[in-house]
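S.K.: Starting off with a structure, shown below.
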Amino acid sequence: MVTSVGFRIVLLVHVLAAVVAFGGNFIQPMLQRGGTDDASLAKVNKFIQLPAIVVMFLAGIGAVMLSKTGTVVNFKFDQMWISIAFLVAIVAGVLQFLVARAYEKDNAKIAPALTGGLHLCLVVGLVMMIWKPGFPS
C-alpha cells in the first residue's frame, strides 16, 4: 500500500479534479431548464471542466509515478487498469470539448448525448480506480 505524503496529495488532486470535471455535467440540464444561456454553459465546460480533466489526467500520471514504496513499484503504466483509465480520460476530454462546442455553436440539442458519454466515462473510470482489473492482488 502506498503511504507517502506526496502520493496522497497527488491522489487528492486527482480525485478533486475528477469531481470538478464530471460534477457539472449532472447539473447542466437543471441549469438549462432554469434559463442559463448556452454561452455561459460553454464557458463552464471550456474553462472549468475541460481544464479539470487535464489536471485529473496529469495527477493520475503523477500518482502512478509516486506509487513506489521502498523498492516496490505498486502501479505501472503497462497495467491494464491504468491503460484503460488513460483512454477514458482522453475520451472524456474530447467529449467535454464537444459539449463546449455544442453550446458555443447553438447546437445544444446534442449536448445530452455527449453528456451521457461523459457519464459513461465516469462510471468506467470509477470501476478502473476501485477494482483495478488486471492488477495483481
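We did not get these values from a lab; they are worked out from the coordinates using the rules stated. Predicted, not measured: the structure shown is a model, and the values here were computed from it. For neighbour counting, all protein chains shown are included, and Cβ atoms are generated from backbone atoms with ideal geometry for every residue, glycine included.
S.K.: For the stretch 30-41, take each phi angle, set θ = phi - 60°, evaluate the Karplus expression 6.51 cos²θ - 1.76 cosθ + 1.60, and give the result in whole Hz per residue in order, putting x for glycine and proline.
M.R.: Those phi angles translate into 5, 5, 5, 5, x, x, 5, 6, 4, 4, 5, 5 Hz.
S.K.: Please sort 33-43, 59-69 by packing, taking for each peptide the average over its residues of neighbouring beta carbons within 10 angstrom, highest first.
M.R.: On the way: 33-43: 12.8, 59-69: 18.0.
In decreasing order of mean packing, 33-43, 59-69 become 59-69, 33-43.
S.K.: Given the stretch 64-137, what whole percent of its Cα pairs are spread farther than 16 Å?
M.R.: Numbers: 1540 of 2701 pairs.
Considering the stretch 64-137, 57 percent of its Cα-Cα pairs are separated by more than 16 Å.
S.K.: What is the fewest-to-most order of 8, 101 by other Cβ atoms lying within 10 Å of their Cβ?
M.R.: 8, 101
S.K.: Express the Stokes-Einstein translational diffusion coefficient of the chain in µm² s⁻¹, to the nearest whole number, given a Kirkwood radius over alpha-carbon pairs, 25 °C and a viscosity of 0.890 mPa s.
M.R.: So the translational diffusion coefficient is about 156 µm²/s.
S.K.: Give me 57, 77, 97 ranked fewest to most by other Cβ atoms within 10 Å of their Cβ, as a rough exposure proxy.
M.R.: Details: 57 21, 77 10, 97 16.
Listing 57, 77, 97 from fewest to most nearby Cβ atoms yields 77, 97, 57.
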